[in-house]
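Participant: Below are the structure tokens for one structure; questions will follow.
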Amino acid sequence: MGEASRVTGRFRGTFDVLHSLTYFAPETEAALTGAGLRPGRMTYFAGRAAPMGAVGPGVVAATFYNFNPDLVAKYIPRAWTLATPEKIIEARFEAADAALTRLLGKDTLGSEQVAEAAELAREATGGCQVDGRPLYAGHAGLGWPSEPHLVLWHAITLLREHRGDGHIAALVLNGLDGLAALVSHTATGKGFLAAAAKASRGWSDEQWDDAVAKLRDKGVLDAEGGLTEAGTELRERIEAATNEASSGPWEHLGEEKTKRLHELCGPLGRQAVEAGAFPANVFATGR
């Protein structure tokens with residue numbers, strides 16, 4: 001599979017930046033509270049879940065996977081009484097437009113490179129499979145925006161959620177519930193810092209420590225909380241399965257176009273990071 005295989009494994013570091021920056025952008029909270037939501041966690045849960053419709057907290061917790069269900073239930077379904085999913089979706093696109101404009105600038109967003117990247121990314125989504133992917137399916141049912149930079153953002157969102165649903169399947173197959181998945185991923189040193197993971201996902205110190213103890217008993221973590229050899233193999237097996245389940249878009253796009261899309265999106269992601277897209281003291285490694 002060549003370049004397609006390599007890009008599948010590098011999705012988070014190259015393409016996902018251009019989507020996930022909206023979760024940290026002040027423009028997102030401003031737009032979604034303007035639509036009627038309350039500031040804070042509600043904007044995240046409702047904003048990301050809205051394409052699935054006015055679903056209950058169980059659906060959101062299941063599809064988001066590593067959040068404490070009790071945290072989700074504080075905001076869903078109340079969010080739908082404050083703003084309809086349709087209004088939230090509209091506000092989310094407005095937020096993406098504003099955040100990308102601030103971080104990348106109008107000249108960059110209006111460039112031939114962004115237009116080309118948008119066309120290629122949209123073409124890649126033609127290789128996504130809806131089967132067994134509820135969060136992706138909700139987003140895939142939305143209409144496409146017209147502006148190239150929003151086409152690019154939406155396409156990457158689809159690719160992200162398609163990959164995420166496949167990742168959850170791999171976690172379930174390998175016996176990791178949401179909290180165990182979060183703890184073991186944090187132990188790889190490639191995701192959230194532990195304190196940020198607990199705070200953002202709503203887990204208490206006691207719940208986290210209990211999950212650590214269970215993973216230690218299973219031989220996934222060592223006495224210091226790091227991955228054992230078996231734990232490392234487990235995480236590698238999960239990533240390999242995720243990559244395999246996510247390769248369809250890149251096989252569909254083809255090696256040459258996939259390589260070109262990577263070349264176009266890499267500099268955009270780096271520019272966004274350098275412009276301050278992500279806060280400090282959240283991730284163990286750079287985006």
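Participant: From the list A280, A195, pick out the single residue that is open to solvent by 60 Å² or more (accessible area, probe 1.4 Å), among the hydrophobic types (A, V, I, L, M, F, W, C) and closer than 30 Å to A155 by Cα.
Facilitator: Numbers: A195 fails: closer than 30 Å to A155 by Cα.
Result of the check over A280, A195: A280.
Participant: What single numbered condition from (1) under 20 Å from R41 (Cβ atoms); (2) of a type in the set (A, V, I, L, M, F, W, C); (3) over 14 Å from the mean Cα position of the chain (by Cα) fails to hold for A137?
Facilitator: Condition not satisfied by A137: (1).
Participant: Which of the following residues is closer than 27 Å to P148 by Cβ and either at pLDDT 95 or above or hydrophobic (A, V, I, L, M, F, W, C) (or both): V17, V59?
Facilitator: Numbers: V59 fails: closer than 27 Å to P148 by Cβ.
Exactly one residue qualifies, and that residue is V17.
Participant: Further, regarding this structure: Quick check on my filter: what residues within region 178-208 are assigned to a loop (DSSP other than H, G, I, E, B) and within 14 Å of T232 (Cα to Cα)?
Facilitator: Narrowing region 178-208 to residues assigned to a loop (DSSP other than H, G, I, E, B): 187-191, 193, 202-204.
Matches in region 178-208: A187, T188, G189, K190.
To keep it simple, each residue is scored yes or no on (1) free of Cβ contacts under 8 Å to residues at least 60 places away in the same chain; (2) in a helix (DSSP H, G or I); (3) closer than 24 Å to K257 by Cβ.
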residue: V59; (1), (2), (3): no, yes, no
residue: Y75; (1), (2), (3): yes, no, no
residue: W80; (1), (2), (3): yes, yes, no
residue: E90; (1), (2), (3): yes, yes, no
residue: A95; (1), (2), (3): no, yes, no
residue: R102; (1), (2), (3): no, yes, no
residue: E119; (1), (2), (3): yes, yes, yes
residue: V130; (1), (2), (3): yes, no, yes
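Participant: Here is a further query. Are any of the residues in region 210-220 touching a residue at least 12 places away in the same chain (Cβ under 8 Å) and open to solvent by 60 Å² or more (accessible area, probe 1.4 Å)?
Facilitator: Step one: of region 210-220, the residues touching a residue at least 12 places away in the same chain (Cβ under 8 Å) are 211-212, 214-215, 219-220.
Adding the requirement that they be open to solvent by 60 Å² or more (accessible area, probe 1.4 Å) leaves 214.
Scanning region 210-220, I find at least one residue that is touching a residue at least 12 places away in the same chain (Cβ under 8 Å) and open to solvent by 60 Å² or more (accessible area, probe 1.4 Å), so the answer is yes.
Participant: How do the pairs read when you match residues in region 188-205 that are touching a residue at least 12 places away in the same chain (Cβ under 8 Å) with residues anywhere that are open to solvent by 40 Å² or more (accessible area, probe 1.4 Å), using Cβ under 6 Å and keeping only pairs 6 or more apart or on different chains?
Facilitator: Close Cβ pairs (under 6 Å, with a partner that is open to solvent by 40 Å² or more (accessible area, probe 1.4 Å)) amount to G189/A284; K190/T285; G191/H185; L193/A284.
Participant: Anything in region 28-68 that is on the phi < 0 side of the Ramachandran plot, open to solvent by 30 Å² or more (accessible area, probe 1.4 Å) and within 18 Å of the chain's Cα centre (by Cα)? List them, or say none.
Facilitator: The answer is E29, R41, Y44, M52, V59, A62, N66.
Participant: Working only within region 142-177, note down all residues that are open to solvent by 10 Å² or more (accessible area, probe 1.4 Å), among the hydroxyl-bearing types (S, T, Y) and touching a residue at least 60 places away in the same chain (Cβ under 8 Å).
Facilitator: Answer for region 142-177, where residues must be open to solvent by 10 Å² or more (accessible area, probe 1.4 Å), among the hydroxyl-bearing types (S, T, Y) and touching a residue at least 60 places away in the same chain (Cβ under 8 Å): there is none.
Participant: Consider L109 carefully, then state whether it is at pLDDT 95 or above and surrounded by 22 or more Cβ atoms within 10 Å (Cβ to Cβ).
Facilitator: On the way: at pLDDT 95 or above: yes; surrounded by 22 or more Cβ atoms within 10 Å (Cβ to Cβ): no.
Spelling it out, it is not the case that L109 is at pLDDT 95 or above and surrounded by 22 or more Cβ atoms within 10 Å (Cβ to Cβ).
Participant: Take A240 and tell me if it is part of a helix (DSSP H, G or I) and surrounded by fewer than 16 Cβ atoms within 10 Å (Cβ to Cβ). Walk me through how you get there before you give the answer.
Facilitator: On the way: part of a helix (DSSP H, G or I): yes; surrounded by fewer than 16 Cβ atoms within 10 Å (Cβ to Cβ): yes.
Yes, satisfied.
Participant: Among the residues of region 225-279, which ones are touching a residue at least 40 places away in the same chain (Cβ under 8 Å) and on the phi > 0 side of the Ramachandran plot?
Facilitator: Correct list: G254, G276.
Participant: Being under 30 Å from S146 (Cα atoms), in contact with a helix residue (DSSP H, G or I) (Cβ under 9 Å, 6 or more places away or on another chain) and open to solvent by 50 Å² or more (accessible area, probe 1.4 Å) is the filter here, so list the residues in region 69-81 that pass it.
Facilitator: Here is the first cut: in region 69-81, the residues under 30 Å from S146 (Cα atoms) are 79-81.
Still in the running and in contact with a helix residue (DSSP H, G or I) (Cβ under 9 Å, 6 or more places away or on another chain): 79-80.
Across region 69-81, there are no qualifying residues.
Participant: Report whether or not V212 is touching a strand residue (DSSP E or B) at 6+ places or on another chain (Cβ under 8 Å), under 26 Å from D70 (Cα atoms) and assigned to a helix (DSSP H, G or I). Explain how you work it out, then say what you get.
Facilitator: Working: touching a strand residue (DSSP E or B) at 6+ places or on another chain (Cβ under 8 Å): yes; under 26 Å from D70 (Cα atoms): yes; assigned to a helix (DSSP H, G or I): yes.
Considered against the rule, which asks whether it is touching a strand residue (DSSP E or B) at 6+ places or on another chain (Cβ under 8 Å), under 26 Å from D70 (Cα atoms) and assigned to a helix (DSSP H, G or I), V212 comes out as yes.
The values are calculated or read from the model by the stated rules, or taken from the named source; none is laboratory data. On a predicted model such as this, the values are computed, not experimentally measured, just so you know. Every residue, glycine among them, receives a Cβ derived from its backbone with ideal geometry; neighbour counts consider all protein chains shown. In case anyone asks, the SASA skips ligands and DNA or RNA and just uses the protein heavy atoms, side chains included. Shrake-Rupley method; radii C 1.70, N 1.55, O 1.52, S 1.80 Å.
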